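Notes for the one structure printed next.
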Amino acid sequence: MNRMLTVIGLMSGTSLDGVDAAVIRTDGERIEGFGPDLSLPYPAALRQRARKILDEAPTLSPRDPELKAVEHEITRHHVDAVRQLQALVPEVDLIGFHGQTILHDPAHRHTWQIGDAQFLSRATGLAVIHDFRSADVAAGGEGAPLVPWFHAALLRDVPGPVAVLNIGGVANITLIEADGTIHACDTGPGNALLDDWALRHTGTACDVDGKLAAMGTVNQTVLEDLLADPYFARPAPKSLDRQTFVAALDRVAGCTPADGAATLAAFSVEAIRRTPLPAQPMHWYVCGGGRHNPVLMHAMQAALGAPVEPVDRLGWNGDALEAQCFGFLAARSVRGLPLSAPTITGGPDNLPGGRLTCAGLMPMPSWICKTGDAGGT
C-alpha cells in the first residue's frame with residue numbers, strides 16, 4: 001500500500017483575493033482525511049498591483065522588476081499561510097504550490113504561474129511541488145482544469161452522471177459519467193467580470209451577495225452578443241485565461257451598474273448551460289466563490305434542469321476545496337501519477353506533471369525518492 005502523505009495545498013486563484021491553504025492526508029488516489037485550513041487575504045494594494053500584472057502579462061519580461069516584486073510579496077503570503085498551518089500540524093511532508101496564474105495561453109503552448117518555489121521551500125523547510133500545468137501544455141493539452149482528478153476521488157461513491165461546477169474567476173466543470181469516465185473544461189467567465197464591474201462601480205471587490213445584479217435587468221441583446229464569441233462553439237476540452245472576456249466590460253459599459261451586473265451574471269450562467277456535455281448530470285454541485293452569490297445560484301437552478309446545490313451539502317469544505325486539491329495533486333505528482341488526461345485537458349495521454357523543489361531539505365527525504373519521479377529543481 002502506498003504511503004499516505006500529510007500535504008499542505010496552496011491556491012491563489014484568478015479572483016486575486018488571497019491565499020487558501022489546507023491540510024490533506026492522501027496518497028494521490030485515496031483521501032484519508034483533512035486537517036485545518038485557512039484563507040489569508042491579500043492587502044488591497046497587492047491585489048491592485050497583481051491585477052495590473054494580469055493586464056500587462058502578455059508583454060512582460062520574466063525579469064520585470066515590478067513582476068518580481070509582486071511575485072515575492074505573493075510568495076511571502078504563501079509562506080505565512082504555511083507557517084500558520086505548521087503551527088497546528090507540525091508533521092507535514094510536502095507542499096502543493098499552485099502559484100498565481102498571470103497568463104494562460106495553451107494555443108501557443110504557454111502558461112505562466114508566478115511564485116518562488118525555492119523561497120517557499122527554504123522558508124518552510126518542506127519539499128514543494130509546483131508548476132503543475134506546463135507539462136500538459138507543452139504536450140498540446142489545455143493545462144486546465146486540473147481539479148477533476150480530485151473531484152473524482154471525492155465522488156467515488158456518488159452515482160453518476162454528476163457534475164461539479166467551480167465558479168472562481170473562471171468557471172469550470174467536472175462531469176463524471178456513470179461508468180466513472182471524467183470529462184472537464186472551462187465553461188466561460190465565472191466571477192472575474194462581475195468582480196471587475198463591481199469594483200469599478202461600487203468600490204467593492206465583488207458583488208457581495210449578488211445585491212447589485214439582483215437590482216438589474218439582463219440586456220438580452222448584449223448577452224447574445226457576448227455568447228457569440230467563438231470560444232463557445234469550440235468542443236471540450238478547452239480552457240480560458242482570466243482576461244479572455246475582459247472586453248465584455250466595454251460591451252456592457254452602456255448599461256446601468258445594476259443592469260451591467262445582471263447581464264454579466266447571466267453571461268456566466270448561460271455559458272454554463274450551453275456547454276456541450278456527453279451526458280446530462282443528475283445533480284450539480286457548486287464550489288468556488290460563486291456559490292455564495294444567490295443570483296448565480298438561483299439562475300443556475302432555473303437553467304440547468306437538475307438540482308443545483310453547494311458542495312457543502314456533500315460535507316465538503318467549499319472554501320478550501322482548491323487548496324485541498326493541490327495538496328492531492330502534489331501527492332500524485334511525487335508518485336508519477338497523471339495530472340491530465342485527453343478527456344480532461346485534451347492532452348495526448350494521461351500525463352504526469354509538477355516539479356519538485358527541495359531547497360529547504362538536505363538531504364532529500366527518502367520517501368520522495370521511493371514514491372515518484374517528479375521533475376526537480
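The values are calculated or read from the model by the stated rules, or taken from the named source; none is laboratory data. Since the structure is predicted, the reported quantities are computational estimates derived from the model, not experimental observations. Every residue, glycine among them, receives a Cβ derived from its backbone with ideal geometry; neighbour counts consider all protein chains shown. In case anyone asks, the SASA skips ligands and DNA or RNA and just uses the protein heavy atoms, side chains included. Shrake-Rupley method; radii C 1.70, N 1.55, O 1.52, S 1.80 Å.
Sorting the segments 316-328, 276-288 by their mean number of nearby beta carbons within 10 angstrom, highest to lowest, gives 316-328, 276-288. For the peptides 229-240, 175-186, residues were scored by their other Cβ atoms within 10 Å and the scores averaged per peptide; the highest-first order is 175-186, 229-240. Centre-to-centre separation between the Cα atoms of segment 168-227 and those of segment 83-160: 23 Å. The angle between the Cα long axis of helix 321-334 and the longest principal axis of the Cα atoms of the chain comes to about 40 degrees, rounded to the nearest 10. Using C-alpha pairs below 8 Å separated by at least 6 residues, the relative contact order for segment 38-164 is 21 percent.
Can you say what percent of the DSSP beta bridges in the chain, counting only those with both residues inside, are antiparallel? Round to 5.
Values: 36 of 54 bridges.
Roughly 65 percent of the beta bridges in the chain run antiparallel, per DSSP.
By accessible area, using a 1.4 Å probe on protein heavy atoms only, the chain has 53% of its surface on carbon and sulfur. Dipole check for the chain: with +1 at the C-beta of Lys and Arg, -1 at the C-beta of Asp and Glu, and the Cα centre as origin, the magnitude is about 480 Debye. What the Cβ-Cβ distance of residue 52 and residue 282 gives, at R0 = 56 Å and to the nearest 0.05, is a FRET efficiency of 0.80.
Per-residue packing, averaged as other Cβ atoms within 10 Å, sorts the ranges 71-83, 25-37 into the order 71-83, 25-37, beginning with the highest.
Positive-end ranking of 233, 248, 220 along the dipole of segment 201-265, with charges on Cβ about the Cα centre, is headed by 233. In the set (1) 0.95; (2) 0.98; (3) 1.01, which value of Rg/Rh (Cα atoms, Kirkwood Rh) was calculated from the structure you see? For Rg/Rh (Cα atoms, Kirkwood Rh), the calculated option is (1). Between 0 and 90 degrees, the angle of helix 65-88 with respect to the longest Cα principal axis of the chain falls at about 70 degrees.
When ligands, DNA and RNA are left out and all protein chains stay put, how many square angstrom of accessible area per residue does segment 80-165 have with a 1.4 Å probe?
Spelled out: the 1.4 Å probe surface of segment 80-165, per residue, equals 35 Å².
Report summary: the helix-based calculation at 222 nm, which adds -39500 (n - 2.57) for every DSSP H run with n ≥ 4 and divides by the residues of the chain, gives -10500 deg cm²/dmol.
Taking a ≥ b ≥ c as the square roots of the eigenvalues of the alpha-carbon gyration tensor, segment 26-153 is classed oblate because a/c is 1.5 or more while a/b is no larger than b/c.
Give me the 1.4 Å probe accessible area per residue for segment 19-59, excluding ligands and nucleic acids, in Å².
Details: 1990 Å² over 41 residues.
Dividing the accessible area of segment 19-59 by its residue count gives 49 Å².
Between residue 87 and residue 68, the simple label model (points 7 Å from Cα in the Cβ direction) yields a spacing of 3.2 nm.
Over the chain, what relative contact order in percent results from Cα pairs under 8 Å that are six or more residues apart? Each step should come with its number before you reach the end.
On the way: 834 pairs, mean separation 86.0, N = 377.
So the answer I get is 23 percent.
The angle separating the long axis of helix 192-202 from the principal Cα axis of greatest extent in the chain is about 60 degrees.
What does the extension gain come out to for residue 253 and residue 202, with contour length at 0.36 nm per residue minus their alpha carbon separation?
Values: separation 51, 0.36 × 51 = 18.36 nm, distance 1.43 nm.
Here the answer is 16.9 nm.
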